[in-house]
1. Tell me the label-point distance for the pair residue 51, residue 283, using the 7 Å Cα-to-Cβ offset, in nm and rounded to one decimal.
2. Given points 7 Å out from each Cα along the Cα-Cβ axis, report the residue 23 to residue 184 separation in nanometres with one decimal.
3. How much length is gained if the chain between residue 31 and residue 261 is pulled fully straight, taking 0.36 nm per residue apart and subtracting their Cα-Cα distance, in nm to one decimal?
4. Please label the shape of the range 217-300 as rounded, prolate or oblate, based on the square roots a ≥ b ≥ c of the eigenvalues of the alpha-carbon gyration tensor (a/c under 1.5 means rounded; beyond that, a/b larger than b/c means prolate, else oblate).
5. Where in the range 179-202 does the label zone of residue 149 land, with the point 7 angstrom along Cα→C-beta and an amide N cut-off under 14 Å?
6. Give me the dipole magnitude in Debye, nearest 20, for the range 134-239 about the Cα centre, with unit charges on the beta carbon: positive for Lys and Arg, negative for Asp and Glu.
7. Once label points are set 7 Å from the Cα along Cα→Cβ at both residue 231 and residue 191, what is their separation, rounded to one decimal in nm?
8. Between the range 258-286 and the range 136-196, how many Å separate their Cα centres?
Amino acid sequence: MKIDRLIGILSALLQEDKITAPILADKFEVSRRTINRDIEDLCRAGIPIVTTQGAGGGISIMEGYRMDRTILTSKDMQMIMSGLRSLDSVSGSHYYGQLMDKIKAGSAEYVSGRESILIDLSCWDKESLSPKIELIQQAIEDRKVISFCYYSPKGDEERKVEPYYLIFKWSSWYVWGFCKLRNDFRIFKLNRMGQLQLTCEDVVTREVPVPDLSSERVFPGGISVKAVFEASMKWHLIEEFVVDSFTELPDGRLLFEHEYSDEDYLIEWILKCRDQVEVLEPEHIRKALFRIADKIRQQYE
């Protein structure tokens with residue numbers, strides 16, 4: 001990705017007195033024309049870069065800028081490397097691993113010491129997830145529409161989407177883009193996508209808003225839940241919410257009150273607690289749980 005390459009070029013320039021465009025092109029596996037465009041972008045970003053022609057020429061950072069070589073400290077580089085390593089955990093091409101090697105080659109003194117942060121963004125089915133991420137990244141860069149079958153509680157649907165953002169949120173990967181079927185921007189979970197393909201259809205030029213993934217926007221509430229949990233489920237409430245998400249009653253049980261927007265998810269979450277919880281409100285959720293429990297009883301009789 002371009003931003004990764006720009007960081008790598010800047011790191012190399014900070015560590016070398018002078019470096020040539022052919023060497024950078026070979027190092028980052030791109031053309032000299034691409035390197036020249038990257039250098040122009042770095043100049044526009046305020047980095048004073050000087051290029052000299054002829055024998056002994058090359059690309060360097062302006063001499064007076066030498067005092068700012070510590071713009072990236074050892075801690076900064078460790079954080080960059082941790083971020084790249086986390087992306088490499090879901091990469092099918094090992095691109096980010098190769099990028100880390102390139103950065104290390106020119107920044108050995110800044111990338112040293114024991115790793116203290118390890119982030120793995122992959123899931124249990126990495127073999128299925130990585131190709132999806134790679135294909136969607138390609139679609140975003142090439143501005144192409146993707147097609148897939150989406151499996152949801154409402155059924156299976158064929159979708160065509162103009163992808164704009166790959167998102168890791170709520171412990172899962174999503175793609176956010178313009179859905180041709182709904183004629184609006186939507187978010188789709190990668191694990192629910194099948195037969196994912198890159199089409200020849202170009203993305204339409206349109207205003208693309210940044211997705212609002214705040215809890216208030218995605219989970220607006222609407223279902224007020226009141227439930228009493230056994231004390232043994234305290235860890236479950238803290239893991240899903242926070243320490244002050246419940247009130248401890250005199251008998252040790254936990255009174256929980258919260259707003260939900262997805263009834264199916266609420267019932268699924270309550271059922272995980274088995275007989276360690278009693279829903280007090282709302283009544284229709286109590287009845288739904290009773291019907292499910294009765295059906296399970298009938299199946300096992």
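Here, each number is a calculation from the coordinates, and none is a lab measurement. Model, not experiment: these values are computed from the prediction. Reconstructed Cβ throughout: ideal geometry from the backbone, glycine too, with neighbour counts over all protein chains shown.
1. Spacing of the two 7 Å Cα→Cβ label points: 7.6 nm.
2. Result for the modelled spin labels: 5.5 nm.
3. Here the answer is 77.8 nm.
4. Because a/c hits 1.5 or more and a/b fails to exceed b/c, the range 217-300 counts as oblate.
5. The answer is 192-197, whose backbone nitrogens lie closer than 14 Å to the label point.
6. For the range 134-239, the charge dipole is close to 300 debye.
7. About 3.4 nm separates the two model spin labels.
8. Cα centroid to Cα centroid, the span is 29 Å.
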